[in-house]
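Enquirer: Let me give you the structure first, and then I'll get to my questions.
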Amino acid sequence: MNLNITTKLAKAFTALILLSCLAIFALYLVQRYGAQYAEHKIQEQLERSGLTSFVHYESIHFDPFTLTPSLENVRFGADSAPWLRFARISLNQYPIKYPDLDVDFWIQRSPIDSVSRDMRQWMRAAGIETLLGKGSFSSKAEGEKVFSQFKLDIKDVGKISLSSNINLLDQTINMPELRSDIIASFALGQPEAILIMYGEAIKLRSLDVVYTESGLINHLFPQFAILSESKQTQLDLLAFRSQALGLAAADSKEAKLIASAIWAFLSKPETLTLSLSPSSPISVKELVLSTREERLYKDSNMTITNN
């Protein structure tokens, strides 16, 4: 009787070991081939968009438990002095499901002398010597509608959240290529190229931008509320700035509303919210035209609030 029990236990133990080995082997295969598939897709997209020379990474890690591929030690721009360094960029969908996208990223701690000249200038303007942060980007398509959300948290600068709802009028537009074209246009210093390529094909339904201060505004506008200029002088200056940006004519009621909201935020910088909610979807080309005619605030049904 005892011999039978011992034999059964031995068989069970052996089976457990075999199952464990099979599980480990299966995880190895998932990790290996998952990483290969992810790298193939990523390289394919980089080559198609012409970004191979701008995006550099050391390796791709694949988590077999969450099925999440991640790019490790990523550099955007010149390899020696990139615009940005990322410790990791994780793609939270596998297989990679285009056109939907869900990405988390961590900006690697980057001293000011380790990045490109353009980035150094931005960092000096923001009053930071070391760049460090994290963020996420998600985008989901439902028919012609595309919902996107971008979040970024930069240490000693602030947090920004951007949510958009757009219509793609041209159903032949490929979303991965659109995102790649946007990145490429900024990488090449030609953001106007997007207006030429997609100005009439993209219509904006809504846009919300929220900025929470944690150092940038206090650096750029120290002691704003007690400057030597009077409040009215400051409001007038902000109204002229809104005209320069194409939001509204300086002598309009819209410019006065903008100036009041911005003045309140600069006086006590906490959270600033900007929302665009046009009565009907408006194309990117129309938005540019509204900016040139100094009526973007009105045409886009914009609101600016200081919370």
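Enquirer: Could you tally the net charge around Gln171, taking each other residue with its Cβ under 15 Å from the Cβ of Gln171, Lys/Arg +1 and Asp/Glu -1?
Expert: My count for the surroundings of Gln171 gives -3.
Enquirer: Net charge within 12 Å of Glu254 by Cβ-Cβ distance, Lys/Arg positive one each and Asp/Glu negative one each, not counting Glu254 itself?
Expert: Spelling it out: positives minus negatives among the neighbours equals +1.
Enquirer: Under a Cβ-Cβ cut-off of 13 Å, what is the net charge of the residues other than Ser290 that fall near it, where Lys and Arg count +1 and Asp and Glu count -1?
Expert: That sum, taken over residues with Cβ under 13 Å, equals -1.
Enquirer: Next question. Pairs to check: Lys145/Lys285; Lys155/Lys268; Lys155/Lys256. Give those whose C-alpha atoms are more than 26 Å from each other in this structure.
Expert: Result: Lys155/Lys256 exceed 26 Å.
The numbers here are math on the coordinates, done by the rules we state, and not lab data. Predicted model only: the values in this text are computed from it and were never measured. Note: ideal-geometry Cβ built from the backbone for every residue, glycine included; neighbour counts use all protein chains shown.
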